[in-house]
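**Student:** Have a look at the structure that comes next, please.
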Amino acid sequence: MNKILMVVDHLGANGTVTHVISLSKALKDRGFHIVVAGREGTKQTALIEHGIPFYPTDFPATFTPTPGQKHKIEKKLKDIILAEGITMIHAHQVYSGMMAARISAALGLRFIYTVHGLYSHNHELNRIAQYAEKLIAVSPYVYAQLKIQYPEKLLLILNGVDETEFYHDDSDLIKALHSISVDHFVVFYASRLEWIKADICMQLIQAVNQLKNTTMPDLHLVIAGEGKRSTQIADTARFYNLNRKETFITTIGSQTDLRAYYGISDCIIGTGRTALEAMLCEKRVIAAGNKGYFGTVTAENWEEAKYAHFGDHFAVQPTSKDKIIQSLLDLRKTNLMEGQLLREAVIRDYSLRHAAQLHMEAYR
């Protein structure tokens, strides 16, 4: 039996961690023994629910841990590997990945690394890649950028999403819970509230505030997520709410189950996994991510959106308040109804079953 140690920096709420949990569950259901190591976070409860062992590991936030940190982490990883009989390590983020790569080499274990985006400096990926038996790219853009450099190691495996977990649900219970009027046009943003994703959120707040005061008075924004700038974003939302004497921006913090929030939404602003989950729920998506602005995803531009990973891996224009405003206005006017077509496209190209099968082949 393959006994695989999945390694992540931390178990916070983000697309990479959600992918690791979904993949781990799918592989476990297929007879693999899966163990996860990383810093503690809100998503670790999902591992417990699925019966997947989790080992809290204090990975460093840089490539240069102190000698004491390095020794402690190496000992922890060795203890996990010995206790669980690990035969292979699969890492997903750079800092924990580097530590895991060195341990795999020291113990003669197979090592695989998934490149979830080209956010790191090239030298960081190069250092990890020298240890990896295989590299997995999660989007066509990332694959295209790396295939010349790593022709023998590189595989393309799109992130798998479970269509049985995300589906159309038009219940208004969540609206009632948050005192949102039933007839309001709800925009939903879910992301890690740090770095560029936090910048996008701030631009979205400004866009919604402007539209609320002009052409879309029935607009309501719901924001989900955690991160270093979550307090700033909550304070900004509170300021605009007080200014209008109306709560039209609702912040809900980190959520482990987003399907109900997709259900009440008329539009989701997101990227990567958030966009995929929303489309499985047959919702309209305006894609904006780490690399810039893609805009409204349609059946016609599906291949371009997939290539760019919905703005997270590639974009030709930056995100701005004005672009968000124009997309919301266009979407409201045209009332695009392609939900079923886009759900079918996600199932065809991002099936968790297919992704799990491709990972099993890679592990062989």
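**Student:** When you check G272 against the structure, is it crowded, with 24+ Cβ neighbours inside 10 Å, at pLDDT below 95 and closer than 22 Å to P140 by Cβ, yes or no?
**Tutor:** So G272 passes the test.
**Student:** Further, regarding this structure: Kindly check whether there is at least one residue in region 344-352 that is touching a residue at least 12 places away in the same chain (Cβ under 8 Å), surrounded by fewer than 23 Cβ atoms within 10 Å (Cβ to Cβ) and basic (K, R).
**Tutor:** No: zero hits.
**Student:** Further question on the same structure: May I ask you to say which residue of T42, T16, T62 is in contact with a Gly (Cβ under 9 Å, 6 or more places away or on another chain) and not in a helix (DSSP H, G or I)?
**Tutor:** The unique qualifying residue is T42.
**Student:** Within region 292-310, does at least one residue satisfy the condition of being of a type in the set (K, R), surrounded by 15 or more Cβ atoms within 10 Å (Cβ to Cβ), more than 17 Å from the chain's Cα centre (by Cα) and modelled with pLDDT of 95 or more?
**Tutor:** The answer is no; no qualifying residue exists.
**Student:** When L331 is evaluated against the numbered criteria (1) buried (at least 19 other Cβ atoms within 10 Å of the Cβ); (2) in contact with a helix residue (DSSP H, G or I) (Cβ under 6 Å, 6 or more places away or on another chain), which criterion, by number, is the only one it fails?
**Tutor:** Of everything listed in (1) buried (at least 19 other Cβ atoms within 10 Å of the Cβ); (2) in contact with a helix residue (DSSP H, G or I) (Cβ under 6 Å, 6 or more places away or on another chain), L331 misses just condition (2).
**Student:** Across region 26-60, what is the number of residues that are of a type outside the set (S, T, N, Q) and touching a strand residue (DSSP E or B) at 6+ places or on another chain (Cβ under 8 Å)?
**Tutor:** 21
**Student:** Pick out the one residue from N209, N241 that is surrounded by fewer than 19 Cβ atoms within 10 Å (Cβ to Cβ), more than 28 Å from A46 (Cβ to Cβ) and polar (S, T, N, Q).
**Tutor:** N241
**Student:** Which ones in region 29-40 are under 11 Å from M360 (Cα atoms) and surrounded by fewer than 17 Cβ atoms within 10 Å (Cβ to Cβ)?
**Tutor:** R30, G31
**Student:** Against the conditions (1) without any contact (Cβ under 8 Å) to a residue 40 or more places away in the chain; (2) more than 19 Å from the chain's Cα centre (by Cα); (3) at negative phi, where does M216 fall short? Just the number, please.
**Tutor:** (1)
**Student:** List every residue pair whose Cβ atoms lie under 6 Å apart, where the two residues are 6 or more positions apart in sequence or sit on different chains, the first residue falls within region 195-207 and is closer than 12 Å to G289 by Cα, and the second residue, located anywhere, is surrounded by 19 or more Cβ atoms within 10 Å (Cβ to Cβ) and basic (K, R).
**Tutor:** Partner pairs satisfying both residue conditions: A198/R229.
**Student:** Among what's in region 245-269 and is touching a Lys or Arg at 6+ places or on another chain (Cβ under 9 Å) and among the aromatic types (F, W, Y), pick the residue that is surrounded by the most Cβ atoms within 10 Å (Cβ to Cβ).
**Tutor:** Applying the filter and picking the extreme gives Y262.
**Student:** Among (1) over 23 Å from I347 (Cβ atoms); (2) in contact with an Asp or Glu (Cβ under 9 Å, 6 or more places away or on another chain); (3) polar (S, T, N, Q), where does T271 come up short?
**Tutor:** (1)
The values are calculated or read from the model by the stated rules, or taken from the named source; none is laboratory data. Please read these numbers as outputs of a predicted model, since none were measured by experiment. Please note: Cβ atoms are built from the backbone with ideal geometry, for glycine as well, and neighbour counts cover all protein chains shown.
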